[in-house]
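Structure record follows, encoded as C-alpha cells.
The values are calculated or read from the model by the stated rules, or taken from the named source; none is laboratory data. The model shown is predicted, which means the values in this text are computed figures rather than measured ones. Positions of Cβ are generated from backbone atoms using ideal geometry, with glycine treated the same way; all protein chains shown enter the neighbour counts. For accessibility, only protein heavy atoms count, side chains too; no ligands or nucleic acids. Shrake-Rupley method; radii C 1.70, N 1.55, O 1.52, S 1.80 Å.
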Amino acid sequence: MSHAICLGEILVDCFAEQPGRSRQEVSSWTALPGGAPANVACALAKLGNRVEFIGAVGEDPWGKALIQLLGDMNVGRQGVQSRHKAPTRQVYITTEVNGARTFAGFNGEHDPAAFADAHLFAGSLSQALFMGGNFLTIGTLPLAYLDSRESVIQAVAIARRNRMPILVDVNWRPMFWPKPADAPGHIYDLLKKVNFLKVSKVEADWLFGTVSAKAIAQQLPHLSGVLITAGPEGCEYCFGEVAGVLPGFAVDVEETTGAGDAFTAGFIHQLVKKGMACLDDESSARQAVRYANAMGALTTTRLGAIAALPTPNEVEVFLYLN
C-alpha cells in the first residue's frame, strides 16, 4: 500500500496563557504537540492517508507522549528514533492580544542543537520504510544541524531512487539555527534535488528576493511546482504552464500555529488522491490549491497545531458553504 513520508521535527509547543506578556512575565502555559513535519503527518493521517513519520525524540516523558500521540493519530512510527542524552524540544510561544505570535526560546537549553530532533541519525534510517512510498515531505529545520542534515540528504537520495516526488516546506525559524547565516545555502542545495517548493510570502522574499511564484519557478526550472502562501491573502502557485492566485478564506482566527502545515498536507492529499497529472489542468490545479487553503483556514479557528487539524468532513462542508 502506498504511503507518504514526513521527515523532520516533532516537539512540544508551549503557548502563553497570558497574551501581551514577555516569556518572563507569563505565569502559565498550554503545552501542545507540534513540529511542522509532524503536523503535516498528522494532518495527512486525519485525511485518511497512510503516512510514516521520521524524526527523533528524547527518552523522556514528553518523547514517550509524542510517540504515543503518533500512534493515536494513525501515523506510522517505525522511523522514530529515541535519544538518551538529548531531551525532547519544548518551544515557548508568546502571543499578542491580536493573536500574533513570537517564538521565545526553548526549555532549559540555550544551544538549539542540544535537543533530540537535531540528532536524527542517517545510519539508522530504514530504506525499507521508503519502499512503496508515494510522497516525501521535508521541513528545512533539520538542515540546521549536522546529524539531521545528513539524514535529510540520505532520505532525499533514497526517495529519488524510488522515484518519489519530494516537497520541501520552508519553515524559517532563525532561533533554531546555531548559525542562521548558513540557512540559505543549505536550503538552496536541498532545493536542487526536489520537485515541489512551498514557502510563505515572507520566506519567498527572504530566499529569492521575489514574491512571485513564476519568478521563483524561473530561478528553479526543474521544479514541478511552487506555492507561496500568504495567510488570509491566499496562495500564488505555478505548476509549469498552469499558474494563478487563489484568495484565502475569511474565518475567525483563534491561533495560527500549524496553518501552513495543514495547507501542505491538504495539497499533498490532493496529489495523492488525484495524481500528479491534476496539476496539468487549470481547473483541477485550482481545486487542489483551494482545498489546501481550506485546510489552512480551518486550522486557525482552534488552538494548537495537531489538535486543530480538521477532518475530511469538516473540509468538505467548509468548501461547500464557501
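Take the range 140-165 and flag every residue that is touching a Lys or Arg at 6+ places or on another chain (Cβ under 7 Å) and either in contact (Cβ under 8 Å) with a residue 60 or more places away in the chain or within 14 Å of Ile54 (Cβ to Cβ) (or both).
Once the filter is applied, which keeps residues that are touching a Lys or Arg at 6+ places or on another chain (Cβ under 7 Å) and either in contact (Cβ under 8 Å) with a residue 60 or more places away in the chain or within 14 Å of Ile54 (Cβ to Cβ) (or both), the range 140-165 yields Leu141, Pro142, Val156.
Report, ordered by the first and then the second residue, all pairs with beta carbons closer than 6 Å, sequence separation of six or more or different chains, a first member in the range 302-315 that is without any contact (Cβ under 8 Å) to a residue 60 or more places away in the chain and over 12 Å from Gly34 (Cα atoms), and a second member that is of a type in the set (D, E, K, R) and loosely packed, with under 15 Cβ neighbours inside 10 Å.
That search, which allows pairs on different chains as well, returns Arg302/Glu254.
Going by the conditions given, is Phe115 open to solvent by less than 20 Å² (accessible area, probe 1.4 Å), out of contact with any helix residue (DSSP H, G or I) (no Cβ under 6 Å at 6 or more places or on another chain) and within 17 Å of Thr30 (Cα to Cα)? Before the answer, list the steps.
Working: open to solvent by less than 20 Å² (accessible area, probe 1.4 Å): yes; out of contact with any helix residue (DSSP H, G or I) (no Cβ under 6 Å at 6 or more places or on another chain): yes; within 17 Å of Thr30 (Cα to Cα): no.
No.
For residues that are assigned to a helix (DSSP H, G or I), out of contact with any Ser or Thr (no Cβ under 7 Å at 6 or more places or on another chain) and open to solvent by less than 70 Å² (accessible area, probe 1.4 Å), tally how many sit in the range 123-161. It would help to see each step written out before you state the result.
Of the range 123-161, the ones assigned to a helix (DSSP H, G or I) are 123-124, 127-130, 141-144, 146-161.
Add one more test, that the residue is out of contact with any Ser or Thr (no Cβ under 7 Å at 6 or more places or on another chain), and what stays is 123-124, 127-130, 141, 143-144, 146-161.
In the following step, the residues that additionally are open to solvent by less than 70 Å² (accessible area, probe 1.4 Å) were identified as 129-130, 141, 143-144, 147-149, 151-152, 154-159.
The qualifying residues number 16.
So if I check each of Phe267, Phe263, Phe249, which one is touching a helix residue (DSSP H, G or I) at 6+ places or on another chain (Cβ under 7 Å) and surrounded by fewer than 21 Cβ atoms within 10 Å (Cβ to Cβ)?
Numbers: Phe267 fails: surrounded by fewer than 21 Cβ atoms within 10 Å (Cβ to Cβ); Phe263 fails: surrounded by fewer than 21 Cβ atoms within 10 Å (Cβ to Cβ).
None of the others qualify; the one that does is Phe249.
For Ala230, work out the one condition from (1) more than 22 Å from Pro174 (Cα to Cα); (2) modelled with pLDDT under 95; (3) open to solvent by 20 Å² or more (accessible area, probe 1.4 Å) it doesn't fulfil.
Only one criterion in (1) more than 22 Å from Pro174 (Cα to Cα); (2) modelled with pLDDT under 95; (3) open to solvent by 20 Å² or more (accessible area, probe 1.4 Å) is unmet by Ala230, namely (1).
Working carefully through the options Ser2, Ser27, find the one that is closer than 30 Å to Lys274 by Cα, open to solvent by 50 Å² or more (accessible area, probe 1.4 Å) and of a type in the set (Ser, Thr, Tyr). If you could, list the steps in order and put the result at the bottom.
On the way: Ser27 fails: closer than 30 Å to Lys274 by Cα.
Matching residue, one of Ser2, Ser27: Ser2.
Which condition breaks for Ala118 when tested against (1) modelled with pLDDT of 95 or more; (2) in a strand (DSSP E or B); (3) within 21 Å of Val12 (Cα to Cα); (4) not charged (D, E, K, R)?
(2)
Answer yes or no as to whether Leu167 is in contact with a Phe, Trp or Tyr (Cβ under 8 Å, 6 or more places away or on another chain), in a strand (DSSP E or B) and of a type outside the set (Ser, Thr, Tyr). If you could, list the steps in order and put the result at the bottom.
Details: in contact with a Phe, Trp or Tyr (Cβ under 8 Å, 6 or more places away or on another chain): yes; in a strand (DSSP E or B): yes; of a type outside the set (Ser, Thr, Tyr): yes.
It is true that Leu167 is in contact with a Phe, Trp or Tyr (Cβ under 8 Å, 6 or more places away or on another chain), in a strand (DSSP E or B) and of a type outside the set (Ser, Thr, Tyr).
For the range 276-317: of the residues being of a type in the set (Lys, Arg) and modelled with pLDDT of 95 or more, which is surrounded by the fewest Cβ atoms within 10 Å (Cβ to Cβ)? Quick ask: steps written out before the conclusion?
Our first condition is that a residue be of a type in the set (Lys, Arg); within the range 276-317, this holds for 286, 290, 302.
Adding the requirement that they be modelled with pLDDT of 95 or more leaves 286, 290.
Values: Arg286: 15, Arg290: 20.
Result: Arg286.
Which ones in the range 83-111 are open to solvent by 30 Å² or more (accessible area, probe 1.4 Å), part of a strand (DSSP E or B) and within 15 Å of Thr256 (Cβ to Cβ)?
Residues satisfying the conditions are Arg101, Thr102, Phe103.
Would you kindly identify the strands (runs of 3 or more DSSP E) lying entirely within the range 1-82 that contain at least 1 residues that are within 22 Å of Phe121 (Cβ to Cβ)? Show your work before the answer.
On the way: elements: 3-7, 11-16, 29-34, 51-58.
Fully inside the range 1-82 and qualifying: 3-7, 11-16, 51-58.
Out of (1) among the β-branched types (Val, Ile, Thr); (2) in contact with a Gly (Cβ under 8 Å, 6 or more places away or on another chain); (3) buried (at least 17 other Cβ atoms within 10 Å of the Cβ), what's the single condition that is false for Ile216?
So the condition that Ile216 fails would be (2).
Does Glu254 qualify as being at pLDDT below 95 and open to solvent by 20 Å² or more (accessible area, probe 1.4 Å)?
On the way: at pLDDT below 95: yes; open to solvent by 20 Å² or more (accessible area, probe 1.4 Å): yes.
Considered against the rule, which asks whether it is at pLDDT below 95 and open to solvent by 20 Å² or more (accessible area, probe 1.4 Å), Glu254 comes out as yes.
Are there any pairs, at least 6 apart or on different chains, whose C-beta atoms fall under 8 Å, with the first in the range 6-34 and within 30 Å of Met73 (Cα to Cα) and of a type in the set (Asp, Glu) and the second open to solvent by 50 Å² or more (accessible area, probe 1.4 Å) and not in a loop (DSSP other than H, G, I, E, B), and if so, which?
Glu17/Trp29
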